[in-house]
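Engineer: Below you'll find the structure I mean.
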Amino acid sequence: MRNIGPEDPREVGGYRILRVLGAGGMGRVYVGRSRSGRIVAVKVVLPGLAEDPGFRGRFRREVDAARRVGVTWTAPVLDADPEAEQPWLVTGYVAGLSLSEAVALHGPLPGDAVRTLSAGLAEALGGIHEAGVVHRDLKPSNVMLSLDGPRVIDFGISRAADASVLTRTGMTVGSPGFMSPEQIEGSDIGPPTDVFSLGAVLTFAATGAGPFGEGDAQALLFRILTQEPRLHALPEWLRPVIAACLAKNPADRPTPSDVLTAVAPAGGTSELVAGGWLPPDLITAVSRRAIALLELEDEPDGVPATAPDLTAADARKPAAPPITEPNPGAPPPLAPTSGDDAVRPEHAATVPVPPPTAGTVYVPPPPAPGGAPAPESVASTPPPTAFAPP
């Protein structure tokens, strides 16, 4: 996350732009604030795509479908304008770390967290597919870890951009190491494509490395097409599930519902999240990221943002408790739900972080007036065992 620069808009569709989250092959993503004060993510499409005569129609159809995705474990599409000079899309902002950041900073997730992640991503993909959408680019940077569960982000316009990017560059859209064989070959794309990527993402979460090792893009794509995945480091309970997800033939892969049944109790992801799902070091890092939103204030044009840049390294820093002057006439401050939740900026010392509740992404309110992948490795393993969903 960085300050906005001269090339960045100050407002998009009525949403005040606060910071730059990142940029990719399809556009630039910002942190914004709605007129009601809600923190959101604003994606603005690249001018080159906007000039494609067929892009806007595809974008409109994809946005309409994405609006129908109502499953808890996604960042919902809130607003969009396919007819703008540069089309834009607004989604809920997830206050947390991406899976790629979490693994880079703290290593592979523990077993219980991997189980919850597996269930949440399976439920998310199930809801996305029921709405007629295929994500097409599920990867660690598109999976967010928040206090109240995992979230899948950045779905809804990949398909709209695919044809334009293919036409202009002749290249396949996707992320090497997490792409399915049919994506690499340019074959038909469908829900099984996302299931393959799910298997690769969960392998990364559990081991810190993708299932096809490291190397340049061409080497990774070759291994995906011709070699079996390296799954020896996976927990035994997860190995057959992932092996099935990574089947070369899309017809041999399980559905997201099959995966959910194999990894989660009857209560699904909500039951797993309710008991607390992240290890203490990630709770601290995620809490710091959420609290940092309190420092994002509107800035006059031409004046640099006062909030410091929040990088992955910030998540490593231990947070000092706030210093406040006692007020004899004030009621005692609200107690945090855990020691990690006591971390707050000084100007918001009395704003507590509520306990995580399933189905809700907590984003702190705006302050009162005055006030990113770990390296992969190559290893050998016997051929994966078969997975038969219950």
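The values are calculated or read from the model by the stated rules, or taken from the named source; none is laboratory data. Keep in mind that what you see is a predicted model, and the values were worked out from it rather than measured. Ideal geometry is used to build each Cβ from the backbone, glycine not excepted, and the neighbour counts take in all protein chains shown.
Engineer: What is the residue count in region 17-42 for residues that are in contact with a helix residue (DSSP H, G or I) (Cβ under 7 Å, 6 or more places away or on another chain) and either among the hydrophobic types (A, V, I, L, M, F, W, C) or modelled with pLDDT of 95 or more (or both)?
Structural biologist: Number satisfying all stated conditions: 2.
Engineer: Would you mind telling me which numbered condition in (1) surrounded by fewer than 24 Cβ atoms within 10 Å (Cβ to Cβ); (2) modelled with pLDDT of 60 or more; (3) outside any helix (DSSP H, G or I) Phe178 fails?
Structural biologist: Phe178 satisfies every listed condition except (1).
Engineer: Looking at this structure, is Arg58 touching a helix residue (DSSP H, G or I) at 6+ places or on another chain (Cβ under 7 Å), surrounded by fewer than 20 Cβ atoms within 10 Å (Cβ to Cβ), closer than 27 Å to Glu182 by Cβ and modelled with pLDDT under 95?
Structural biologist: yes
Engineer: Please verify whether Arg67 is more than 23 Å from Leu294 (Cβ to Cβ) and out of contact with any helix residue (DSSP H, G or I) (no Cβ under 8 Å at 6 or more places or on another chain), treating the condition exactly as stated.
Structural biologist: Working: more than 23 Å from Leu294 (Cβ to Cβ): yes; out of contact with any helix residue (DSSP H, G or I) (no Cβ under 8 Å at 6 or more places or on another chain): yes.
The answer is yes for Arg67.
Engineer: Let me ask something additional. In this structure, is Ser187 crowded, with 24+ Cβ neighbours inside 10 Å and among the hydroxyl-bearing types (Ser, Thr, Tyr)?
Structural biologist: no
Engineer: Let me ask something else. Of all residues in region 203-220 being farther than 10 Å from Leu109 by Cα, touching a helix residue (DSSP H, G or I) at 6+ places or on another chain (Cβ under 9 Å) and not polar (S, T, N, Q), which is surrounded by the most Cβ atoms within 10 Å (Cβ to Cβ)?
Structural biologist: So in region 203-220, the residues farther than 10 Å from Leu109 by Cα come out as 203, 209-220.
Applying the additional criterion that residues be touching a helix residue (DSSP H, G or I) at 6+ places or on another chain (Cβ under 9 Å) yields 203, 209-215.
From what is left, the residues that are not polar (S, T, N, Q) are 209-215.
Numbers: Ala209: 22, Gly210: 28, Pro211: 30, Phe212: 26, Gly213: 17, Glu214: 13, Gly215: 15.
Within region 203-220, the match that is surrounded by the most Cβ atoms within 10 Å (Cβ to Cβ) is Pro211.
Engineer: From the set of residues in region 128-157 that are of a type outside the set (A, V, I, L, M) and in a strand (DSSP E or B), which is surrounded by the most Cβ atoms within 10 Å (Cβ to Cβ)?
Structural biologist: Residues of region 128-157 of a type outside the set (A, V, I, L, M): 129-130, 132, 135-137, 139-142, 146, 148-151, 154-156.
Still in the list and also in a strand (DSSP E or B): 146, 149-151.
Numbers: Ser146: 24, Gly149: 30, Pro150: 27, Arg151: 24.
Ranking the qualifying residues of region 128-157, first place goes to Gly149.
Residues are listed down the side, and each one gets a yes or a no for (1) in contact with a His (Cβ under 9 Å, 6 or more places away or on another chain); (2) at pLDDT below 95:
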| residue | (1), (2) |
| --- | --- |
| Ser98 | no, no |
| Glu101 | no, no |
| Ala122 | no, no |
| Leu125 | yes, no |
| Gly132 | no, yes |
| Ser141 | no, yes |
